[in-house]
Amino acid sequence: MKNLRIRTSGKAVTAFKQLLLLISLMFIFIPAIISGSGSTAPPAIWQILQAMFLSGFALLTVLVLAVWLLSRFSPVKWLKIRKKLILFTRMFLHSEEDGLLLHSVQWQYSIEDGKITVFLYPNGLEKDTADIGRRLSEYLRKPLLKYEESDGMARYVFGRAPERFDGMEKMAEGITEPTGCYVPMLSYEPISIYDGVAWDFTSEALHILLIAPSGAGKTRLLTYLGGMILKRQHRLYVIDAKNSDFGMTFRHAGVPVATKKEEIIQLLTELVQEMEKRYSTFYTDDSAGADFKDKGMQGHFLIFDEILSVLSSADKKDKTEIERLLGQIALKGRAAGFSIIITAQKLNATDLPKAITEQCQTRIILGGQVSEETFHQATGMYKKDTGSVYKGGVGKGYAVTPKTIGLSYIETPLLPPNLRDCLVLLKELRDRGTPYGEGR
Ligand SMILES: Nc1ncnc2c1ncn2[C@@H]1O[C@H](COP(=O)(O)OP(=O)(O)O)[C@@H](O)[C@H]1O
Ligand SMILES: [Mg+2]
């Protein structure tokens, strides 16, 4: 991490550079003029003139080299960024004169793997650090990948958005070894979604809330997550009230899928009973603190696609029951490994009980057309917090997890255009282990 404090105004530095330039030119030209005039001088004077000429030349060379190295055209990356930050500060940020010195913002920066991480300490001079991030991104001509603000400082990461994962490749990884020695094994490894963002389902990040308008990529992301859950050999359940190709694909892969209201309530009831049973059987007082991973048990994952469409069409009694059962899993599921992954197209404050949403600590929002209210309800932040023009799209958006601070830009793993093309792989993943106790 390099530090950058700007203590003087640009004028002082320029004046100093000009002075050095003048001295070096004088040292070069005075001996040149004297020798050119043909005057005769004692050898000692000639020696002095020669030394003057050489030191003038050396000074000029060092000066030109230093100016070039420290400029925004510098071949040394960190020096180039340094200069750009200085210019950006002088051009666009507030500074106050403090006697001969300058009271200005402070920077820290580093370059790693092509990504530039910049910390800004506004020192009471700037309020809107999100706006500074957006402008700095334009100035550096690099997309802002991450922005977070905490007490007295802001952190930005600039760089090119990393490659999207190939969802099929990720799901298939390691299952078709040429030697055929794949050994099914329960795994608790976090599920990578994009770059540094992963779903650690053994932590408080267990429950997921995924919000995106229609067509923005919810079902595709659910398919990937579902496939990875099967790959990790946990138990998966799907609710697809629309009875779309999503539910169909998982049903054909051998996963229980509920579509009708009665089936949904029954599935939820069974899950809650199973959870209660697990608590009363395995979670006696002496094992307090241990979770399903510590006990080597399978997790139970319920994917509930388009929850609001189910709740809005259910009568009051059913709605209350569905919310109550989901609330139970949301509240108590963590240690026993009962997880809910719910999606909706929008989210206003009253759409879902807080008892459910507040337990979902992995929040994902996708899509270009997302209202401020939905964005705020889904992530707890405002669109301006993205520090840049909101840049969601199909399969593109932001994630909030307990492991990452602030909002993280994500692009969901790529899947084939037709969901049915995932079927063979999903079936393979489902059948590889014996997650349903059938020993298939
Ligand atoms: N991860 C992805 N990989 C490939 N295509 C995607 C992905 N996400 C979204 N799409 C494209 O967007 C369309 C809508 O995605 P879908 O998951 O059905 O959205 P939603 O469930 O939010 O309505 C898909 O048919 C596909 O063409
Ligand atoms: Mg969908």
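So how do 51-57, 365-371, 13-19, 111-117 stack up, highest first, on mean other-Cβ count within 10 Å?
The densest-packed peptide leads the list: 365-371, 51-57, 111-117, 13-19.
Order these peptides, 290-303, 254-267, by their mean beta-carbon neighbour count within 10 angstrom, highest first.
Listed from highest to lowest mean packing, they are 290-303, 254-267.
Report, to the nearest 10°, how far helix 218-231 tilts away from the longest principal axis of the Cα atoms in the chain, using its own Cα long axis and a range of 0 to 90°.
Long axis of 218-231 versus the principal axis of the chain: about 80 degrees.
Whole Å is fine, so just give me how far the alpha carbon centre of segment 345-364 lies from that of segment 31-109.
Segment 345-364 and segment 31-109 have Cα centres separated by 59 Å.
Based on the mean of other Cβ atoms within 10 Å per residue, sort peptides 60-68, 304-312, 204-212 so the most packed one is first. Spell out each step's value before the answer.
Numbers: 60-68: 12.8, 304-312: 19.4, 204-212: 25.0.
Final packing ranking: 204-212, 304-312, 60-68.
Measuring from centroid to centroid over Cα atoms, what is the spacing of segment 197-249 and segment 300-319 in Å?
The distance from the Cα centre of segment 197-249 to that of segment 300-319 comes to 15 Å.
Shape call for segment 167-432 from the C-alpha gyration tensor, a ≥ b ≥ c root eigenvalues: rounded (a/c under 1.5), prolate (a/b greater than b/c) or oblate?
It is rounded, given that a/c, with a ≥ b ≥ c, falls under 1.5.
For a paramagnetic label modelled at 7 Å from the Cα of residue 111 toward its Cβ, which residues of segment 57-85 fall within the zone defined by backbone nitrogen distances under 18 Å?
What the label zone holds, given the 18 Å backbone N cut-off, is 66-85.
At a 10 Å Cβ-Cβ cut-off, how would you order 234, 252, fewest neighbours first?
Numbers: 234 22, 252 16.
Lowest to highest Cβ neighbour count: 252, 234.
Quick check: net charge around residue 242, other residues with Cβ under 9 Å of its Cβ, Lys/Arg +1 and Asp/Glu -1?
That sum, taken over residues with Cβ under 9 Å, equals -3.
Among 194, 252, 23, pick out the residue whose Cα is farthest towards the positive end of the charge dipole of the chain, where Lys and Arg carry +1 and Asp and Glu carry -1 on C-beta, about the Cα centre.
In the chain, that residue is 23.
Which shape class applies to segment 1-152: rounded if a/c is under 1.5, otherwise prolate when a/b exceeds b/c and oblate if not, where a ≥ b ≥ c are the square roots of the Cα gyration tensor eigenvalues? If you can, show how the numbers build up before the last one.
Numbers: a/c = 4.14, a/b = 2.59, b/c = 1.60.
Since a/c reaches 1.5 and a/b is larger than b/c, the shape of segment 1-152 is classed as prolate.
Rounded to the nearest 500 deg cm²/dmol, what is the calculated helix-only ellipticity per residue at 222 nm for the chain, with -39500 (n - 2.57) per DSSP H run of length n ≥ 4?
On the way: 13 runs with 182 residues, N = 440.
Value at 222 nm, helices only, nearest 500: -13500 deg cm²/dmol.
Could you pull out every one of the lysines with an alpha carbon less than 22 Å from that of residue 316, ignoring same-chain neighbours closer than 8 positions?
Excluding near neighbours in sequence, the set is 242, 260, 261, 346, 354.
What is the dipole size for segment 1-108, taken about its Cα centre, with +1 at each Lys and Arg Cβ and -1 at each Asp and Glu Cβ, in debye to the nearest 20?
It comes to approximately 620 debye.
Might you report the magnitude of the Cβ-based charge dipole of the chain about its Cα centre, with Lys and Arg at +1 and Asp and Glu at -1, to the nearest 20 debye?
1480 debye
Check the straight Cα-Cα distances from residue 396 and name the aspartates and glutamates below 15 Å, setting aside those fewer than 8 residues away within the same chain.
163, 166, 195, 411
Taken together, the values in this text are just the output of simple stated rules run on the coordinates, not laboratory data. Keep in mind the model is a prediction, meaning the values are calculated, not measured. Methodologically, a virtual Cβ is constructed for each residue, glycine included, from the backbone with ideal geometry; neighbour enumeration extends over all protein chains shown.
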